[in-house]
Amino acid sequence: MADTITLLIEPLPADADITRLDATFHEVDASMPALRVGELSTQRGDGIFETIGVVDGHAQETRPHLERLRNSARICELPEPNLPQWEAAIARAVAALPPTGEFALKLVLSRGVEHGPAPTAWLHVAPAAGFVEVRRRGIRAVTLDRGYGRGTAERAPWLLLGAKTLSYAVNMAALREAKRRGAHDAIFLTSDGYVMEGPTSSVIIRRGDVWSTPAPSGAILHGTTQQSLFEHLGATGRQTEYRDIPVYDLETADAVWLVSSVRLAAGVTHLDDRDLPYDADEARELNAYLLSPRD
Ligand code: PLP
């Protein structure tokens, strides 16, 4: 069984009602050229994406990811994606994977080829790098200024904050800066000192029994993992809330977590130059939940 699958997808209009969805996918060899040089996703990062975790043959939280893809398309003024078509593509890829193991399944919807009439789309699924140690031992993180004040998303919607666009060069630069400072990851702050998110993750803090995350006001992505974890925490008697989190609350939290779809929950053991409390049992509990089949 192949552990890497790539499907080129002819994106259908959102309202198209087609029974033979399979005919709109075309499997290609990921090691062979598949995109045109005029592709705006590669030339300008002009497109959107989602990354879904697949655990033992189950694609986690498919609907929330597809709803966020639809929201990103709306913000970027891309054609609304046909969600049944994407669901069928995901199902086809997952069915072809080995029944056990962890995989990262990426969906991409690009504005298409320069001067071309139609958007382009593809799905690529590959084995997920081993995150077992990171989930167990946690990570070191640094805070980095994102350069935006609170309220920027509303004042400047053309910045496309809140959309999961392909323009991740800044996010990757932040990870390099974190590594230069001896850390594994970063936490973005607004220029007025409030917690936003990681370059590829949501931030959750715990004080006592209360778990908090920044409100997804438009400046950050609303993480599917964070939402799923909050459902679990609520269902098991813990209190959760969305609120503005000043950097002081991050530095003095009882626990800080970076959560995302493939790495899952990574506890922050050091923030900038200080140690943070870290509970390995809590890490085990959160990741056991996140690895269980979730919809
Ligand atoms: N914020 C950013 C900027 C991200 O890139 C990601 C995931 O890649 C997240 C948050 C977490 O989102 P999710 O939990 O849906 O993976």
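The values are calculated or read from the model by the stated rules, or taken from the named source; none is laboratory data. What you see is a predicted model, and the numbers here were worked out from it, not measured in a lab. Quick reminder, even Gly has a Cβ in these numbers, built from the backbone with ideal geometry, and neighbours come from all protein chains shown. Just so you know, the surface numbers come from the protein's heavy atoms only, side chains and all, with ligands and any DNA or RNA stripped out. Shrake-Rupley method; radii C 1.70, N 1.55, O 1.52, S 1.80 Å.
When ALA59 is evaluated against the numbered criteria (1) touching a strand residue (DSSP E or B) at 6+ places or on another chain (Cβ under 8 Å); (2) touching a residue at least 60 places away in the same chain (Cβ under 8 Å); (3) crowded, with 19+ Cβ neighbours inside 10 Å, which criterion, by number, is the only one it fails?
It is condition (2) that ALA59 fails.
Quick one: would you say LEU40 is closer than 19 Å to LYS164 by Cα and within 16 Å of the ligand (Cβ to nearest atom)?
no
For PRO277, which of the numbered conditions (1) open to solvent by less than 10 Å² (accessible area, probe 1.4 Å); (2) more than 13 Å from the ligand (Cβ to nearest atom) fails to hold?
With respect to (1) open to solvent by less than 10 Å² (accessible area, probe 1.4 Å); (2) more than 13 Å from the ligand (Cβ to nearest atom), PRO277 is out only on (1).
Do any strands (runs of 3 or more DSSP E) entirely within region 1-78 hold 1 or more residues that are in contact with an Asp or Glu (Cβ under 7 Å, 6 or more places away or on another chain), and if so, which?
Working: elements: 5-9, 25-28, 47-55.
The strands (runs of 3 or more DSSP E) meeting that bar are 5-9, 47-55.
Do we find that LYS106 is under 17 Å from the mean Cα position of the chain (by Cα) and of a type outside the set (S, T, N, Q) in this structure? Working first, answer last.
Numbers: under 17 Å from the mean Cα position of the chain (by Cα): yes; of a type outside the set (S, T, N, Q): yes.
Yes.
Is there a residue being of a type in the set (A, V, I, L, M), within 17 Å of the chain's Cα centre (by Cα) and farther than 17 Å from LEU264 by Cβ anywhere in region 138-150?
no
Taking into account only those residues within region 197-226 that are under 14 Å from the mean Cα position of the chain (by Cα) and among the hydrophobic types (A, V, I, L, M, F, W, C), which is farthest from the ligand (Cβ to nearest atom)? Step through it out loud before you land on a result.
Filtering region 197-226 down to residues under 14 Å from the mean Cα position of the chain (by Cα) leaves 197-203, 216, 220-226.
Right, trim to among the hydrophobic types (A, V, I, L, M, F, W, C) and you get 203, 220-221.
On the way: VAL203: 9, ILE220: 6, LEU221: 4 Å.
Filtering first and then ranking leaves VAL203.
Mind checking whether some residue in region 178-185 is within 13 Å of the ligand (Cβ to nearest atom), in contact (Cβ under 8 Å) with a residue 40 or more places away in the chain and in contact with a Leu (Cβ under 7 Å, 6 or more places away or on another chain)? It would help to see each step written out before you state the result.
Residues of region 178-185 that are within 13 Å of the ligand (Cβ to nearest atom), as a first pass: 185.
Still in the running and in contact (Cβ under 8 Å) with a residue 40 or more places away in the chain: 185.
This time we only want the ones that are in contact with a Leu (Cβ under 7 Å, 6 or more places away or on another chain), so: 185.
Yes, because at least one residue in region 178-185 is within 13 Å of the ligand (Cβ to nearest atom), in contact (Cβ under 8 Å) with a residue 40 or more places away in the chain and in contact with a Leu (Cβ under 7 Å, 6 or more places away or on another chain).
Could you list, in sequence order, the residues of region 16-33 that are open to solvent by less than 50 Å² (accessible area, probe 1.4 Å) and of a type in the set (A, V, I, L, M)?
Once the filter is applied, which keeps residues that are open to solvent by less than 50 Å² (accessible area, probe 1.4 Å) and of a type in the set (A, V, I, L, M), region 16-33 yields ALA16, LEU21, VAL28.
State the number of residues belonging to region 190-204 that are more than 22 Å from PHE49 (Cα to Cα) and surrounded by 22 or more Cβ atoms within 10 Å (Cβ to Cβ).
Within region 190-204, residues that are more than 22 Å from PHE49 (Cα to Cα) and surrounded by 22 or more Cβ atoms within 10 Å (Cβ to Cβ) number 3.
What pairs can you find where one residue is in region 155-172 and among the small types (Gly, Ala, Ser), the other is within 10 Å of the ligand (Cβ to nearest atom), and their Cβ atoms are less than 7 Å apart, with a gap of 6+ or different chains?
Filtered contacts from region 155-172: GLY162/ILE220; GLY162/LEU221.
Could you please find all residues in region 150-185 being part of a loop (DSSP other than H, G, I, E, B) and within 25 Å of ARG274 (Cβ to Cβ)? It would help to see each step written out before you state the result.
Keep residues of region 150-185 that are part of a loop (DSSP other than H, G, I, E, B), which gives 150-151, 156, 160-164, 166-168, 181-184.
Scanning region 150-185 gives ARG150, ARG181, GLY182, ALA183, HIS184.
Taking interchain pairs and intrachain pairs at least six residues apart, which have beta carbon atoms under 8 angstrom, with the first residue in region 262-275 and more than 24 Å from PRO127 (Cβ to Cβ) and the second open to solvent by less than 50 Å² (accessible area, probe 1.4 Å) and modelled with pLDDT under 95?
none
Can you work out which of the residues in region 227-260 that are within 16 Å of the ligand (Cβ to nearest atom), open to solvent by 40 Å² or more (accessible area, probe 1.4 Å) and not in a strand (DSSP E or B) is nearest to ARG68 (Cα to Cα)?
In this case the residue turns out to be GLN227.
Report, by residue number, each residue of region 205-223 that is open to solvent by 10 Å² or more (accessible area, probe 1.4 Å) and among the β-branched types (Val, Ile, Thr).
VAL210, ILE220
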